[in-house]
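Heads up, the thing below is written out as structure tokens.
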Amino acid sequence: MNSFSELGISNAYVKALKELNIIKPSEIQIAVIPKLLETKTDLIGLAQTGTGKTAAFGLPILHTIDPAKPVVQGLIIAPTRELVQQIKKQLFKFTKYLDVKIFAEGVYGGEQIGKQVSALKRPTHIVVATPGRLLDLIEREAVNIGNVKTLVLDEADEMLSMGFKEELNKILQYNKTKRNTWLFSATMPDEIKNIIQTYMSADAIRIQVNKNSMVNENISHHFVKTKIADKTNVIARILKKRKNERGVIFCRTKAGTQNLVKQLQDKGFTVGALEGDMKQKERDKVMRAFKNEKLQVLVSTDVSARGIDVNNLAFVLHHQLPDHINYYTHRSGRTARGGKKGQSIALIIPGEMQKVIDTQKALGIVFREIVM
Ligand code: ADP
Ligand code: MG
């Protein structure tokens, strides 16, 4: 299978994909798309970060929509606001050449709910949402998910760890139609079995590509030995060396994120912060500046570890390795997207080598030391 047409995607989409330079389907797309187009089925799709999972569920869900019916037929739930915006935008781009438009709306916390309520009064076929805001809108009767035929849970395991389980349960009570549920992620911790048992049919199709490692093989892994007091200087040196490259630095805390941004700005770097305590307006502003290449570096907590897709990020820096191994996968997965290569670099202080070794073992990867 060498083309999206052969997978069953209709011409108007193929034309739009071509404009986005999406020409050759990725492994997960080849495995998933025909199944979702041909059969009404529940499906679990597992594939490494940056391998095109959005299109793998986005194109099939668009194919299920009857544009003549002005009701919500598809629902995509994702853990963060930025990810909701990104998925909605991606769907919008896919539909550019459709004769009869399909409308997708994105709803998430932090933005005035009134604005979203009025947006939802227009014909809407697909809703992309974070769980909390969606539940709020359902309870206000601003959105009716009673006719939803397809539900996608993107990064479902993250929604669980963010404590959205109750919201998800409540949301799904409002949908009594016989629906199909599609679940996508790059990691599948044990807790997810619960979601699968609760929300999905026992004969859901499971598709997992590259079982050897859930880490994208286009990422190379590195560590730099340093001390806490030297971290900012080490980062500055790395950024200077990579003046023409862009990347994300992950910090563990919101305060640490803001701190590092100030220090790096004082040193003359164009960096911006993204963390959960910021107002949505500021979050949007920083993401826009970063996507428009006005910032070299985004300094972020794990809010942006999931799903965020920014073109051509050459590196990810871990100010400290994350506590949870899955987060290493998602953080480093912000680089090496869409078939490109990237580096993941962790700052290691004395006593942390064991963590590097554990990460290697758990993920089946090899770290190499960079000596500064
Ligand atoms: P995932 O959800 O698997 O992490 P995304 O769906 O965000 O990955 O896709 C990562 C990037 O790759 C996006 O910029 C997307 O436009 C691009 N992309 C998706 N499918 C293809 C393809 N078949 N060929 C080239 N690029 C692709
Ligand atoms: Mg994704």
*For Arg133, state whether it is out of contact with any helix residue (DSSP H, G or I) (no Cβ under 9 Å at 6 or more places or on another chain) and either free of Cβ contacts under 8 Å to residues at least 40 places away in the same chain or more than 19 Å from Ala305 (Cα to Cα) (or both).*
no
*In the stretch 25-83, what residues are open to solvent by 10 Å² or more (accessible area, probe 1.4 Å), under 18 Å from His125 (Cα atoms) and of a type in the set (Gly, Ala, Ser)?*
Ala68
*Give, as residue ranges, the helices (runs of 4 or more DSSP H) completely inside the stretch 1-68 that count at least 2 residues that are touching a helix residue (DSSP H, G or I) at 6+ places or on another chain (Cβ under 9 Å), within 14 Å of ligand 2 (Cβ to nearest atom) and touching a residue at least 60 places away in the same chain (Cβ under 8 Å).*
27-38, 53-64
*Residues in the stretch 177-189: is at least one among the small types (Gly, Ala, Ser), under 22 Å from Lys88 (Cα atoms) and in a helix (DSSP H, G or I)?*
no
*asked:* Please pick out the residue among Glu155, Glu167 that is in contact with a His (Cβ under 9 Å, 6 or more places away or on another chain) and not aliphatic (A, V, I, L, M).
replied: Glu155
*So which pairs qualify, if the first residue must be in the stretch 309-324 and part of a strand (DSSP E or B), the second must be open to solvent by 60 Å² or more (accessible area, probe 1.4 Å) and of a type outside the set (A, V, I, L, M), the Cβ gap must be under 7 Å, and the two must be at least 6 apart or on different chains?*
Ala314/Glu245; Phe315/Glu245
*Answer with yes or no whether Ser161 is modelled with pLDDT under 95, out of contact with any Leu (no Cβ under 9 Å at 6 or more places or on another chain) and in the same structural domain as Asp66 (by TED's automatic domain parsing).*
yes
*Mind telling me which of the residues Leu172, Leu151 ends up being assigned by TED's automatic domain parsing to the domain that holds Thr49, open to solvent by less than 20 Å² (accessible area, probe 1.4 Å), modelled with pLDDT of 85 or more and over 18 Å from the mean Cα position of the chain (by Cα)?*
Leu172
*Tell me the helices (runs of 4 or more DSSP H) entirely within the stretch 84-166 that contain at least 2 residues that are among the β-branched types (Val, Ile, Thr).*
113-119
_Return the residues of the stretch 41-61 that are within 7 Å of ligand 1 (Cβ to nearest atom) and of a type in the set (Val, Ile, Thr); say none if nothing qualifies._
Thr49, Thr51, Thr54
_Scan of the stretch 175-206 for residues that are touching a residue at least 60 places away in the same chain (Cβ under 8 Å), within 19 Å of Arg306 (Cα to Cα) and open to solvent by 50 Å² or more (accessible area, probe 1.4 Å), ordered by number_ = Met188
*For the stretch 328-372, which residues satisfy the criterion of being surrounded by 13 or more Cβ atoms within 10 Å (Cβ to Cβ), part of a helix (DSSP H, G or I) and basic (Lys, Arg)?*
Arg331, Lys355
*Give just the number: which of (1) open to solvent by less than 20 Å² (accessible area, probe 1.4 Å); (2) touching a residue at least 40 places away in the same chain (Cβ under 8 Å) does Lys96 not satisfy?*
(1)
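Would you confirm, using the coordinates I've provided, whether Leu134 is hydrophobic (A, V, I, L, M, F, W, C) and either more than 21 Å from Arg283 (Cβ to Cβ) or not assigned by TED's automatic domain parsing to the domain that holds Ser185 (or both)?
No, not satisfied.
The values are calculated or read from the model by the stated rules, or taken from the named source; none is laboratory data. Everything quoted here is computed from the prediction, not taken from an experiment. Cβ coordinates were reconstructed from backbone atoms using ideal geometry, including for glycine residues, and neighbour counts include every protein chain displayed. To get the accessible areas, we keep the full protein, side chains included, count just its heavy atoms, and leave off ligands, DNA and RNA. Shrake-Rupley method; radii C 1.70, N 1.55, O 1.52, S 1.80 Å.
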